[in-house]
Amino acid sequence: MNMMVIMQTSLYIHFPFCLKKCLYCDFNSVADARVAPAEYVAALLREMELRAAALPEPASAPTLYFGGGTPSLMGPELVGSVIDAAARFFGLEADAEVTIEANPGTLTREKLAGYRFAGVNRLSLGVQSFDDATLSLLGRIHTARQALDAFSAARGAGFANIGIDLIHSLPGQTPAMWRSALERATDLAPEHVSAYGLSIEEGTPFFRMEERGELPLPGEEEAAAMFRQTGETLGRSRFEHYEISNFARPGFRSRHNQVYWRRGNYLGFGAGAHSFLRTPGFGVRWKNPDVVAPYLVAVAGSLLPEEDRQLLALRDALSEAFFLGLRLLEGVDLSSLVCEFGPAVEEYFAAPIRELTGQGLLTESAGRLHLSSKAIIFANRVFSRFV
Ligand code: SF4
């Protein structure tokens, strides 16, 4: 009897346009109105069709994520057409988690209701700060009031799974201001909170402002205090701290993002989108061109727009398994890694594990290796030992 093989893969859609570029942002996004959303989405649909035809076996998709950029610049009918294509070409599952990142400055009640009707069931709301002066300094297009209104409109439209994104260690921000932001967030009772520390990225206006000494950034001690406050405040409101910067009410962890941290399959569509499949060999990664024009040209010519295709070597795959898996506070299951990678686990990483455990930065319990509570704050230093 022939058993049909189904490949489980998550789906990511990149919408690389914003109304205005935020001053700290180094994401692949442009404030460029020359490409109409409908034209871009037509290319996305074509790319999905081309990719589905190139897959070695039919797919089943547990999650679909619209990221950007500002995907909430897409109208509900365009979002709905992508969801339909995900169902048609990749077997989007009936109970799939379908998330859209939304900028509060782009939402209306009607649009939110349209997203729900189209099949979006999770909203990731880019609030970032509840302080208007800070929002303006960041170059955001919305006010705190608009974020609060967007949240309540989303509830009104039937969203029962809403995440709020916040940034700490902002210019001029004190631990007291950050505590108050966290309290305002928990007052809204979202299902999920992502709280990232601001990082100043080369090439951004903030990078140049910092070089000129124009950004009053908090010092290391204050930034560390804000990081600690995040866990304390959200923990008091019954949020589980499950990833370095992510917190969720029970049952509401981001299913899509956990796929990245667990090295699950995902296919990315749109300019700059990344993809990863666990087979062949130890896995393959590729990405699409960052720039929209060559992406559109490739797809118009019925070519898959991928570039930088990389077959992973055993050591690279194992390294990824550690530094991605250790982002989750539950850590990595060592016996599963030995099953998958064999003696290479011992050969390549026994020494750093011993050293980091000796320093109290990693802890092993019940066969799982995870960051210790004191290491979470400087996790990147730990991860660098696995690269
Ligand atoms: S809205 Fe998001 S993607 Fe767009 S510029 Fe601002 S931070 Fe970057």
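The 3J(HN,Hα) values that the Karplus relation (6.51, -1.76, 1.60; θ = phi - 60°) gives for segment 125-141 are, in residue order, 9, x, 7, 6, 7, 9, 10, 4, 5, 5, 4, 5, 4, 6, x, 5, 9 Hz. Gly and Pro appear as x.
Each part gets one Cα centre, and for segment 69-91 versus segment 145-191 those centres are 26 Å apart. Taking the DSSP beta bridges with both ends in the chain, the antiparallel portion is around 40 percent. Taken about its Cα centre, segment 313-387 carries a charge dipole of roughly 340 debye when the Cβ of each Lys and Arg holds +1 and the Cβ of each Asp and Glu holds -1.
Are there any GluC sites (Glu not before Pro) in segment 278-381 that are in a DSSP loop and have at most 16 other Cβ atoms within 10 Å? List them by number. Let's see the in-between values first.
Numbers: sites: GLU306, GLU307, GLU320, GLU330, GLU340, GLU346, GLU347, GLU355, GLU364; in loops: GLU306, GLU330.
Those satisfying the criteria are GLU330.
Expressed as a rounded percentage, what relative contact order does the chain have, with Cα pairs under 8 Å and six or more residues apart? Write out the running numbers ahead of the final one.
Values: 696 pairs, mean separation 57.4, N = 387.
Reported as a whole number, the value is 15 percent.
Cysteine residues of the chain whose C-beta has no other cysteine C-beta under 4.7 angstrom: CYS18, CYS339.
Rounded to the nearest 20 debye, what is the charge dipole size of segment 129-187 about its Cα centre when +1 sits on each Lys and Arg Cβ and -1 on each Asp and Glu Cβ?
On the way: 5 positive and 6 negative charges, 8 e Å.
In total the dipole reaches around 40 debye.
Between the C-alpha center of segment 103-142 and that of segment 1-39 there is a gap of 17 Å. Projecting the Cα positions of ALA248, ALA298, GLN359 onto the charge dipole of segment 228-387 (unit charges on Cβ atoms of Lys, Arg, Asp and Glu, taken about the Cα centre) puts ALA248 furthest along the positive direction. Mean residue ellipticity, 222 nm, helices only, the chain: the sum of -39500 (n - 2.57) across DSSP H runs of n ≥ 4, divided by residue count and rounded to 500, is -12500 deg cm²/dmol. Under 5 Å between amide hydrogens, built in the peptide plane, is the criterion, and for PHE282 it picks out LEU312 among residues at least 5 positions away or on other chains.
Here the residues SER336, SER124, SER384, ranked from fewest to most Cβ neighbours within 10 Å of their Cβ, fall in the order SER384, SER336, SER124. Our note on the geometry: Cα centres of segment 201-225 and segment 317-344, 34 Å apart.
Backbone amide hydrogens, once placed in the peptide plane, bring LEU11 within less than 5 Å of THR63, LEU64, TYR65, LEU267, excluding anything fewer than 5 places away on its chain. Rounded to the nearest 20, the Cβ-based charge dipole of the chain about its Cα centre (Lys and Arg +1, Asp and Glu -1) stands at 480 debye.
Taking the charge dipole of segment 7-259 about its Cα centre, with +1 at Lys and Arg Cβ atoms and -1 at Asp and Glu Cβ atoms, the residue from GLY231, SER169, THR99 reaching farthest to the positive side is THR99.
Set the Förster distance to 41 Å, then compute FRET efficiency between ALA224 and ARG315 from the Cβ-Cβ distance, nearest 0.05.
Numbers: r = 33 Å, r/R0 = 0.80.
Calculated value: 0.80.
Past the 33 angstrom mark, what percentage of all C-alpha to C-alpha distances in segment 7-259 do you count? Taking all Cα-Cα pairs of segment 7-259, the fraction more than 33 Å apart is 20 percent. Packing-based ranking of 153-159, 356-362, 96-102 yields 96-102, 153-159, 356-362, ordered from highest to lowest mean Cβ neighbour count within 10 Å.
Here, each number is a calculation from the coordinates, and none is a lab measurement. Just so we're clear, the structure is a prediction, and the values are computed from it rather than from any experiment. So basically every Cβ, Gly included, is an ideal-geometry build from the backbone, and we count neighbours across all protein chains shown.
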